[in-house]
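> Please see the structure below; I have some questions.
Derivation of every value follows stated rules applied to the coordinates shown; laboratory data play no part. Everything numeric here is computed off the predicted structure, so don't read it as measured data. Positions of Cβ are backbone-derived with ideal geometry, glycine not excepted, and every protein chain shown enters the neighbour counts.
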Amino acid sequence: MSFTDDELDQELHRLFEDDRLALPARPDADMAVLAGVKRIRRRRAMLSGVAGASAVAAVLVVGFTLTANQGSDQQPPSGLGPVATSSSSKPTSSTKDSSPPEPPPPTSEAPEPPAEPEQPPPATSTTETRSPGPSARVLGLPLSANTAIGPTGLGSLQLGMTAEAAIETGHLGPDAQPPGAGCQTYSVYGDSGASVAMTSGGLQAITAGPGNRTPEGVGVGSAKQQVVDAYPGLADQGSTASATVPGNTSGMYTFQFDGPDGSVVSVRLALSSSAC
């Protein structure tokens, strides 16, 4: 028995519409379907989380491997020593370390003392000479040509001072030496024309130069009458005369004249007890 297409179609519709083929639905079918949908969504969410974590882990492993290989392939430039590598397993980073640099270790060497400033050379003068010895003693100090003679000396040269003290004034020149036995005459340094007489006991007498005058104004070239007027107690012996020094009873002036009535040609200041 054969069916046409229309007949076959009608027969199929009849069969599908038969109540014996209908399946009755469960009373909680809708709730069961919703529960199944929720289970499927939870599984998909869990699978997605596991897959994401696995992908991140894979990326970290690959990055670490590549970084380690790059570090092992680097070679130090020629002429330099080996490059120190860290034993830490942390990958290198291109960012700078934010921690401050460690201070240099303290050195045990003591700091060098500051250099002493250079001392300026001592001032020099055309009129004095200094000894190269440790005392730097002035050895050549001239006296002014118009320094007064009296009542006790000529400038720093004083009657009765020791020979060493007289030499140390510098007024006796750079080559002056202590006197030996007897009297020794020293020219006063410079152009005053004065001189002194010394013994081992000290300075005994001073002879004035052309420009030296007594405090009373008497000097070489003064008239004899001027000397008589200046010293009332003058002991006149003609071409010479002597008088006690005003203000110094242990000193004595001796004047020499150019003849009994001539002018003064020499003035000498000495100790009254002078041995010279």
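> What would the Debye formula give as log10 I(q)/I(0) at q = 0.10 Å⁻¹ for the alpha-carbon point model of segment 153-271, no solvent?
One equal scatterer on each Cα of segment 153-271 leads to -0.30.
> Could you give the length gained by full extension between R41 and Q177, i.e. 0.36 nm per residue of separation minus their alpha carbon distance, to one decimal place?
Gain on stretching R41 to Q177: 36.1 nm.
> What residue among T169, S239, G155 has its Cα farthest toward the positive end of the dipole of segment 143-257, where the charges are +1 on Lys, Arg and -1 on Asp, Glu, each on the Cβ?
S239
> Calculate the radius of gyration of the Cα atoms of segment 29-69 to one decimal place, then report Dmax, the largest Cα-Cα distance, as a whole number, both in Å.
18.0, 60
> Order these by the 10 Å Cβ neighbour count, fewest first: R43, R213.
Fewest-to-most ranking of R43, R213: R43, R213.
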